[in-house]
Amino acid sequence: MKSPRNFNFSEKRLAGVIFGVVALAAFSFVFGPNIYAQFARQTGNPGWGYGYGYGYGYGSGFDHGTIAGYRTAGNDLTTYDYGYGYGYKGSDVSYTTSNGFSVTPGDLAGLVASGVIVPNAGLTVATFENKVTLTVGPGVTVTIPSGTTFTAGSASNFSTLAANAAPDTTALAGMTSATITGTLSFGLPSLDLTVSPAITIAINVGASEADGTVLNLFRKDASGSWVFEPSGTSPSCTVTSGFCTFTTTHLSSFAAVAPASNNAGNNSSNGSTVGGGGGGGFYTPVFTPPATDSTVTGTYDAATAKANNPDFNTDMGLVKATTATACASGSLIKSKSLSAVYYCGADGKRYVFVNDKAYFSWYTDFSGVQIVSDATLASITIGGNITYRPGMRMIKIQSDPKTYVVARGGTIRWVQTEAAATRLFGANWNTKIDDVSDAFFVNYTVGTPIAN
C-alpha cells in the first residue's frame, strides 16, 4: 500500500504529465498554423509523414521535434542537415538540387509549416533554410537562395506570404503613358519587407518586347505609391528570351514598363543616358519625362515627382552643350586624388553633391563613379550644387520649423498639415525628413504650399 506521501507525489507527477499533454495540444491548436517546423520533407506523400529531407533531429531545433517534425537519420542530429525523418510536405511541392523547393503561391504557408521558412522568436525575421523557386504565373518566377532572410518592421505572420502575377496597376497607368508589359506582386499584405541578400525575379513579357529592349522597373513603396528607380531594386532590365530579369532587396508589387512605340534597337525616346539606381550604373531611359512637372504647382504626389525627374539634367533643365565636353552627360566623376563625386551635366559642367544625403536621394551606391585625372577634373567648370531629387525626401532647415517637399528645379513646397504629410509619405513621414544647411537653402525656391 502506498504511503500518503508517495501517493501524493505520484498524483502530482501524473497531474503534471496530464497538464503537459493538454498544454501541448493547446499549443498545437492555437499556434499550429504558425509553428516553426524542424523537418522539411522532400519525398513521400503530401501532408505529414516519413521521408527524406532537411531538418533537425528529435530533441533539437526550435520545438525539439515535439510538434513540427524531426530527423531520425543522417549526420549530427543537433544540426540542420539532410536525412530521413518525420515532417510535412506540401501537396504541390517538388525538390531538385538546382531549383531547391519548387512551389506556387498556395504552397507558401506550407513552407513555414515544413521548416523551409523559419521565423525568429520575435516574428520579425524569417530565414529560408533551403533554396526556393516560386512560380507565380506562367513564366513569372522568384528565386530565393538558401540563407536568405525576410525582415518585417513589426511582428508578422509569415504564413500569410502571398504572390500573384496581376497586381493593381491603375495608379501606375495614370502616372505614365508608357505600356506596362509585365507585373508581379510578392510579400506580406500591406507590409514592406526587406530581403538580404537580393533575390532574383523574372517577369515574362513574352513577344510584346523584342530581345535587347530595355524596360524600366517600377515598384510600390511602403506608402502604396508606384516609384520609378526604387531604392534596392534594379532600375531597369534588358529583355532576354522574352523575360525581364532583375534583382531586389524589397518585396512589393513590381511592373516592367516600356512605351507603346518601343522597339528593339531603339530603346531611347530622347537619346540621353542617365545614372541608374540599384547598381549605380548607367542605362537608357525608355520614356521621355514630361516637359513640365505637374507637381511644381498642382497636386503633389511623391511617386509622380520622382518619375517626372529621372535625372539631374531633367530636374534642372540643363541644355546640351554645343561643343565637345570633357565628361559624358549624366556620368558621375571624381579625380584620383580627391574623394568628392560630381555629376556631369548635359551642359558639360560638373555639379556638386553638397552632402551624402543629397547624393543618396539620386543614387544607391558609388559603383557607377568614373575616375578622371586631376587635370581633367580641374578643366571642367563647376555649374552649381545638386538639390534633392524630387519625391524622395522632405527637407527643412534648423532655423525654420516648416517641412517642405521637393519638386522640379529645386522648387520646394511647404507641407502645412500632418494629414498632408501622411498622404504624401505614409504614416512614418516624420522619418523621411532631412535637415539642409542654411548655407545651401538658397539653392531652393519656395513655391505654393500644400494644405492637404
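Observations on the model:
- Near the amide H of THR403, within less than 5 Å, lie the amide hydrogens of VAL415, all on another chain or at least 5 residues away, with H placed in the peptide plane.
- The protection proxy used here, the mean number of other Cβ atoms lying within 10 Å of each residue, ranks peptides 346-354, 444-452, 318-326, 180-188 as follows, highest first: 180-188, 346-354, 444-452, 318-326.
- Using the average count of surrounding beta-carbon atoms within 10 Å as a protection proxy, the listed peptides 297-306, 358-367, 427-436 rank, highest first, as 297-306, 358-367, 427-436.
Where a number appears in this text, it was derived from the coordinates with a stated rule and is not lab data. Bear in mind that the values here come from a model prediction, so they are computed numbers and not experimental data. Note that each Cβ is placed from the backbone with ideal geometry, even for glycine, and that neighbours are counted across all protein chains shown.
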